[in-house]
Structures are given as C-alpha cells and as structure tokens.
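Here the structure is laid out as structure tokens; the discussion comes afterwards.
A short reminder: the numbers here are calculations on the coordinates, not readings from a lab. These numbers come from a predicted model, not from an experiment. Here the Cβ positions follow ideal geometry from the backbone for every residue, glycine too, while neighbour counts run over all protein chains shown.
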Amino acid sequence: MIKQSLLLTAFLLSACSGADAPAPKPADSFLTQLQADYPVTLSKIADGVWVHTTNYTLPGQSPTPVNGLVVVDGEDVILIDGAWGELATLSLLEKVKKETGKAVTKMIVTHHHIDRTAGVDVAEWRGIQIFTHPDTPNLAAKAGFPVPNTSVAALKTPGSRTKVGNVELAYPGQGHAQDNLVAYIPSADILYGGCAVRGAGSKTLGNQEDANLEKWAVSLNWMKSTYPKAKVVVPGHGKGANLSLIDATLALISNESGAKDAAP
C-alpha cells in the first residue's frame, strides 16, 4: 500500500508539477516501472474482445487473479471491471491503450466489492464514463470502498437489461452480491459472468459475505436461459470455459446449501 501511494504521488506530480518543482522522471519511465510492478495480461478471445487479468496479493495469501473484459466498440473502448488497485488500474489502462491504439472511454463496474471498485477513482479522474447497478454507489460507500459517481437506473429490477455500446449489460438478480451485473457481447457470444460465476475447477464459492444462495441459483438459471448461445463464459476470477461454468457454480451452491441445512 505504501508503494502504491508513493508511485501514485509520483504520477500526479509528473502531471501537475510547477516550474519550481524538482524535475520529475519522464512519463514513459514512470509507465515502464508501473507496468513492471503491476503487470497486466491481455488475452484476445474474439475480434475486438480481450480478457484482462491482473493479480492482487492479500497478506499471507497467494496472488488472486482478477479478470475483466476489454471491448472495442468503434472509437470507444469499453472496460468491464478494472484491476484490484489504483495503480494496477492505471497499468491496465495504459496496456489497453497500447494494445488497441485507443484510450478507454467507458467502464462497467459489475458490483460494489473492492476487487471491482478499487480503480473507480482513477477511471473517473481519466474522464472515463462509469456504468453500474443503481445500488452499487451506496453499497460501496457503506463498505468504505471507492464510490462510483454514476449508475444505471434501468438496471434496478432483476432480469433488466440495457446496452452500453455493443455490450448488453444485465442484472440477473442477487447472487454473489446483491448488485452483481453480467455483460454479454452478442457479436461474439461471450458472457462475462463476473463474480457471479466461479472459475473452472473452483472447489468453493469464494467470498460469501454478501451472498444470497437461494437467489444466486435463480440468477444463474436466468443467465442460462437468457444467453443459451454463449460460447465463452468469463468468470471474475480463475479460468473461463463455456456454460458449464454456470452448472458448476450451481452445483457448488447446492452443496453449500445442503451443508448448511445439515448443520446442527
């Protein structure tokens, strides 16, 4: 955290320093160091669509991979979820610009947890338009996480859908979190399930602090029936696959619910 703060301060000083301030490092030198310290992997999965993956390490734990999508939509670049951390998100934005030749213009935040909202302030500072569930700003504020300044009122009701450029944004209902959104790219039949879907081979449901197991299962079945043509399903963490990821997550929910029912 101290390293992040020092690097971010250096970045801001390089952009805002006055004539009497010490000469900062060249911007390209800063960005080179930034991307070395916060590496980003971009994996192209269709024309104009990439999975972005970064890692975040909690104290005493192994690095946690964090996924999102990058979607090119004409002159716009849509980022679906940022990285876990401000500097990691800055690194991601620079990597996307280098890969696509265009700056990110829109960002979808799929729920209020810190692994999704940590880069919101940096994105808004860059002038990126934010789209999220209408409950996300309030939930993020209550949790002490970065708060998006905008949201999409049309996504309030379970089963609601809207378009952000060539991306269909949907609210299947509560699940991993009460505000979890999913995104679908019709041109490539790609479904981004975010943290509502567990990665391939996952043995647990992960963080259940805000989960509603009963409604989670309903939301997953809605996703299956609404996007039956999805060829690729991308989870918020771990490896992607196809619609089998939804079935595997449903099985984990069933096992977890059974264990809770059996507990004395």
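Length available on full extension from N255 to A217: 0.36 nm per residue minus the Cα-Cα distance, which gives 12.5 nm. Whole-percent P(r), segment 165-239, all Cα pairs, 5 Å bins from 0: 3, 17, 28, 27, 17, 6, 2, 0. Need one word for segment 117-226: rounded, prolate or oblate. Basis is the Cα gyration tensor (sqrt eigenvalues a ≥ b ≥ c); a/c below 1.5 gives rounded, then a/b vs b/c decides. Because a/c hits 1.5 or more and a/b fails to exceed b/c, segment 117-226 counts as oblate. Which residue, chosen from G165, I130, L34, occupies the Cα position most advanced towards the positive end of the dipole of the chain, where the dipole is computed from +1 (Lys, Arg) and -1 (Asp, Glu) charges on Cβ about the Cα centre? Going by the charge dipole, the pick is G165. Considering all C-alpha pairs of segment 73-112, those separated by over 11 Å amount to 63%. Among [x] 18.7, 70; [y] 24.6, 71; [z] 17.7, 50, which one is Rg and Dmax of the Cα atoms in Å computed from these coordinates? Only one listed value fits the structure, namely [x].
For trypsin sites (Lys or Arg not before Pro), the sites in segment 135-195 that DSSP calls loop and that have at most 14 other Cβ atoms within 10 Å are K156. Electrostatic tally near V164: other residues with Cβ closer than 15 Å to its Cβ, Lys and Arg +1, Asp and Glu -1, net -2.
For the chain, DSSP calls about 75 percent of its internal beta bridges antiparallel.
Computed from backbone phi with θ = phi - 60° and the Karplus coefficients 6.51, -1.76 and 1.60, the 3J(HN,Hα) list for segment 52-61 is 9, 9, 10, 10, 10, 10, 7, x, x, 10 Hz; x is used for glycine and proline. The angle between the Cα long axis of helix 213-226 and the longest principal axis of the Cα atoms of the chain comes to about 90 degrees, rounded to the nearest 10. At a Cα cut-off below 22 Å, give the lysines reachable from K239, other chains included and same-chain residues fewer than 8 away excluded. Output for K239: K44, K95, K203, K224, K229, K231. Binning the alpha carbon pair distances of segment 100-170 at 10 angstrom intervals from zero yields the distribution 20, 51, 26, 3, expressed in whole percent. FRET efficiency for the T105 to K224 pair, using the beta carbon distance and R₀ = 41 Å, is estimated at 0.85. Both radii come from the Cα set of segment 41-114: Rg as radius of gyration, Rh as Kirkwood radius; their ratio Rg/Rh reads 0.98. Take the chain and mark each of the GluC sites (Glu not before Pro) that is in a DSSP loop with at most 15 other Cβ atoms within 10 Å; the longest unmarked stretch, sites excluded, is 76-208. Think of it as helices only: each DSSP H run of n ≥ 4 in the chain is worth -39500 (n - 2.57), and spread over all residues that comes to -10500 deg cm²/dmol at 222 nm. Listed by Cβ neighbour count within 10 Å, with the fewest neighbours leading, V218, V104, V72 appear as V218, V72, V104. Here the extension length gained between K163 and D121 equals 12.8 nm, from 0.36 nm per residue of separation less the Cα-Cα distance. Report, to the nearest 10°, how far helix 86-100 tilts away from the longest principal axis of the Cα atoms in the chain, using its own Cα long axis and a range of 0 to 90°. That works out to roughly 90 degrees.
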